[in-house]
Amino acid sequence: MTNKRLLIFTGSGKGKTTAAIGSMIRALGYNWKILFIQFIKSRTDVGEIITLRQFSNIDIYVGGLGFVPPKESIDYQKHYTKAKETYQLARELFQNDYDMIVIDEIFNAYNKQLLTLEEIEILVKDFFSNVNSKCLIMTGRNAPSSIIEKADTVSEVKMLKHAFEYGIPAMEGIEK
């Protein structure tokens, strides 16, 4: 039995980041120090970032450039470089005294070939090596089975229906 937890929120449905933030809110009730790193996502003018910035014990790094184009695109390299920079920053910050670390959209970065499975496994190892960290949460579609095997809790968010399918744009307070 360990006093550390690895949680994964994966699947095709809306709510993975929201579930991770819900866990963060719970941890704030115990005054935990939290690190929140986002891969892929680039916007800082969205509800979750605006709200989380109000807490002094949450460090936030939005490390993406937004929608990732196909690998053949000339802009893909910019996303690849940014993902590697965010990954290196994560490795450095994992050495600090955070009770909870949330890495949002990391599996999407893996699925878009911005990160390797080995890099994700290194982050998991870094987490378990840090004596002070209590919880690592990773989110994104299609979590790799080798990471799922290491997790204590895995929740799959399944999409049954989504407004985007019907051309309804993102709404402040709901999707952004």
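Bear in mind these aren't lab numbers, they're just calculated from the coordinates by the rules spelled out. Not measured: the values here are computed from a predicted model. Virtual Cβ from ideal backbone geometry, glycine too; neighbours counted across all protein chains shown.
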Over the Cα atoms of the chain, each weighted equally, I'd like the Debye log10 I(q)/I(0) at q = 0.10, 0.17 Å⁻¹, rounded to two decimals. -0.37, -1.12
Can you work out ³J(HN,Hα) from phi for every residue in segment 158-166, in order, using Karplus 6.51 cos²θ - 1.76 cosθ + 1.60 and θ = phi - 60°, giving whole Hz and x for Gly and Pro? 9, 7, 9, 6, 9, 4, 4, 4, 9
Could you give me the percent of Cα pairs per 10 Å distance bin for segment 33-73, shortest bin first, beginning at zero and ending with the bin that holds the maximum distance? 27, 48, 17, 8, 0
At a 10 Å Cβ-Cβ cut-off, how would you order Ser155, Ser146, Ser56, Ser23, fewest neighbours first? Ser56, Ser146, Ser155, Ser23
Computed ³J(HN,Hα) along segment 135-151: with the Karplus parameters 6.51/-1.76/1.60, θ = phi - 60°, integer Hz and x for glycine or proline, the list is 8, 10, 10, 10, 10, x, 5, 6, 4, x, 4, 5, 7, 4, 4, 7, 6
Based only on other Cβ atoms within 10 Å, what is the fewest-to-most ordering of His162, His79? His162, His79
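Among 131-143, 112-124, what's the highest-first ranking by average C-beta atoms within 10 angstrom per residue? Display every interim value, and only then the final one.
Working: 131-143: 20.6, 112-124: 16.9.
The most tightly packed comes first, giving 131-143, 112-124.
Over the chain, what relative contact order in percent results from Cα pairs under 8 Å that are six or more residues apart?
Numbers: 291 pairs, mean separation 65.1, N = 176.
Over the chain, the number comes to 37 percent.
Between Asp97 and Ala163, what is 0.36 nm times their sequence separation minus the Cα-Cα distance? Round to one decimal in nm. Mind dumping the intermediate values first?
Values: separation 66, 0.36 × 66 = 23.76 nm, distance 3.97 nm.
Working it through step by step, the gained length comes to 19.8 nm.
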If amide H atoms are built 1.01 Å from N in the plane of the peptide, which residues on other chains or at least 5 residues away come under 5 Å of the amide H of Met159? Ser12, Gly13
Phi angles of segment 29-35, converted by Karplus (6.51 cos²θ - 1.76 cosθ + 1.60, θ = phi - 60°) into ³J(HN,Hα) in whole Hz with x for Gly and Pro, give x, 10, 6, 5, 8, 10, 10
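For segment 106-176, build the convex hull from the C-alpha positions and give me its volume per residue in Å³. Write out the running numbers ahead of the final one.
Details: hull volume 9.5 nm³, N = 71.
Spread over its residues, the Cα hull of segment 106-176 gives 134 Å³ apiece.
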